[in-house]
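The values are calculated or read from the model by the stated rules, or taken from the named source; none is laboratory data. Small disclaimer: the values here were computed from a predicted structure and weren't measured. Cβ coordinates were reconstructed from backbone atoms using ideal geometry, including for glycine residues, and neighbour counts include every protein chain displayed. Please note that ligands, DNA and RNA were not included when accessible areas were found on the heavy atoms of the full protein model with its side chains. Shrake-Rupley method; radii C 1.70, N 1.55, O 1.52, S 1.80 Å.
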Amino acid sequence: MAESSTPSPPRSLVVLDRGESLTLLAGVSVGQVVFTHRALPDVLPVNFRLDGDAVVIRVATGSALARVAEGAVLAFHADRIDEAARTGWSVTVVGRVAEVTDPAERRRIAELPLRSWVGDGRDHFIRIATDRVTGCVLA
């Protein structure tokens, strides 16, 4: 005899405010950056840190992401999903990108726990302003 499965309780999608969304981002270190490369959208997984309310990413000289124009608009996304429990959250940031060039600021950011999993010479820091922050949680 087959076991009957109990349907899971109804869930709802709850929209998060800016503060709640940034708090969730601060608790993770991997996300995806969405940018234009050769006139097409591109998505890369990246290690990141929230620095104040900006997303900071370490990139390699000459990489597609390092060549993104100063002031270009990027999207950044992170989420955590528990498929078994059918819960999770999602946060998206849209903002202008700026390379961190001030030596004192570069030294300060270099001290953040922002390490690439790749292990290559990622020597540039870019900052994505959080001009627009949207988030939701499945509860």
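Summary of values
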item: Scope region 55-72; condition over 11 Å from the mean Cα position of the chain (by Cα), buried (at least 16 other Cβ atoms within 10 Å of the Cβ) and within 18 Å of Thr130 (Cα to Cα); matching residues; result: Arg58, Leu65, Val68
item: Single condition Val28 does not satisfy, out of (1) open to solvent by 30 Å² or more (accessible area, probe 1.4 Å); (2) part of a loop (DSSP other than H, G, I, E, B); (3) modelled with pLDDT of 90 or more; result: (1)
item: Near pairs, Cβ below 9 angstrom, 6+ apart or cross-chain, from region 18-33 (touching a residue at least 40 places away in the same chain (Cβ under 8 Å)) to any residue that is assigned to a helix (DSSP H, G or I); result: Gly31/Leu25
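Here is a yes/no grid of residues against (1) farther than 13 Å from Phe48 by Cβ; (2) at pLDDT below 95:
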site	(1), (2)
Trp89	yes, no
Glu105	yes, yes
Leu112	no, yes
Val118	yes, yes
His124	yes, yes
Ala129	yes, no
Leu138	yes, yes
